[in-house]
Amino acid sequence: MYYLLLAFCYSLSILPFPVLYFISDIFYVLVYYVIGYRRKVVMENMTQAFPDKSKEEITILAKKYYRNLTDMMVETIKLLTMSKAQLQKRFQCDLTVLHQLYAAGKSCQLHLGHNFNWEWANLFCMQGVQYPFLVVYMPLTNKPADRMFRHFREKFGTILIPANDMGHSMRDWMQRQYLIALVADQNPGKPKTCFWYPFLNKMTPFYKGPEMGAKRANIPVVFVDIRKVKRGHYHATLQLAFENPQQEPNGKITEAFVHFLEKNIYEQPEVWVWSHRRWKHPYNG
């Protein structure tokens, strides 16, 4: 099954970008109009986040989101045959802050949200830094699909750390310099052990793990903002948020990231993943 899936994706990946985006347009019609993939979830999430927008405005925003979602699908497949030169032409980011931290002998945590296109961001960063580059990911239950995504992400040397076995997987790195990317807006499975903050007009749980890991080893934290410039072109900005996390009170790093992410979402909402069931857990005060 895996090799059939790989062959199918490779056959799509060799196509030029204009053809891939034509395919994305077809996917968009299928996903939004025919299948209606999580459309109710998207509409409810957007209505909550933007109470001042009319139903018509929310619908327009939802359609923009689904177009970006299907673009993300074909862009991820393109990674199978995409050269480093192609990626660097289409994804821009100033990595100076990471070079400075590496030269200072420090490891670094990157905190980012589910903003398109995080897959391109991972591989762009991998190419441009001297650090071993670790990415925390949640393994998929579908084994062929999980193997496929690991193939995409490991193409240029990214080291994948499974979120469900992070403690064991990180042991070999504790005495070495490394750069680790954490998608820090995941929906926690155990909300009682999380930090809760207002986020998009609703109390929301956030994992304590990224902050606790940074404080434990005093690893500098850099926030990542990814923006879509135009179709097939992205720009990311890195912000050194906390250079000495151990000096900060508990919760401050996570709260700062929540504000950072929320601001970015409000400024370009169509590039954040609205189809996640982000608010499954009620807030009990």
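Every number in this text was worked out from the coordinates using simple rules, so none of it is lab data. The structure displayed is predicted, hence computed values, not measured ones. Because the Cβ atoms are built from the backbone with ideal geometry, glycine has one as well, and the counts that use them run over all protein chains shown.
Students often check this: by mean Cβ neighbours within 10 Å, which of 105-114, 10-19 ranks highest, and how do the rest follow? Don't jump to the answer; show the numbers that get you there.
On the way: 105-114: 21.3, 10-19: 13.0.
Descending mean neighbour count gives 105-114, 10-19.
Run down the lysines and flag those whose C-alpha is under 17 Å from the C-alpha of residue 40, throwing out any fewer than 8 positions away in its chain.
53, 55, 63, 64, 280
Any idea which of 113, 76, 217 is furthest toward the positive side of the dipole for the chain, if Lys and Arg beta-carbons carry +1 and Asp and Glu beta-carbons -1?
Among 113, 76, 217, the one farthest towards the positive end of the dipole of the chain is 76.
Which whole-number percent is the relative contact order of the chain (Cα, under 8 Å, 6+ apart)?
This gives 24 percent for the chain.
Which value, in debye to the nearest 20, describes the size of the charge dipole of the range 2-271 about its Cα centre when Lys and Arg Cβ atoms bear +1, Asp and Glu Cβ atoms bear -1, and nothing else is charged? Intermediate values should be presented prior to the final figure.
Numbers: 32 positive and 22 negative charges, 86 e Å.
Here the size comes out at about 420 debye.
At 7 Å along the Cα-to-beta-carbon direction for both residue 229 and residue 11, put a label point, then send me their distance in nm to one decimal.
In this crude label model, residue 229 to residue 11 measures out at 3.4 nm.
Would you pull out the residues with amide H under 5 Å of residue 107's amide H, same chain only if 5 or more places away, H placed 1.01 Å from N?
Here 178 satisfy the definition.
Where a ≥ b ≥ c are the square roots of the eigenvalues of the C-alpha gyration tensor, would you call the chain rounded, which needs a/c under 1.5, or, failing that, prolate if a/b is larger than b/c, or oblate? Don't skip to the end; give the middle numbers.
Details: a/c = 1.61, a/b = 1.13, b/c = 1.43.
Oblate.
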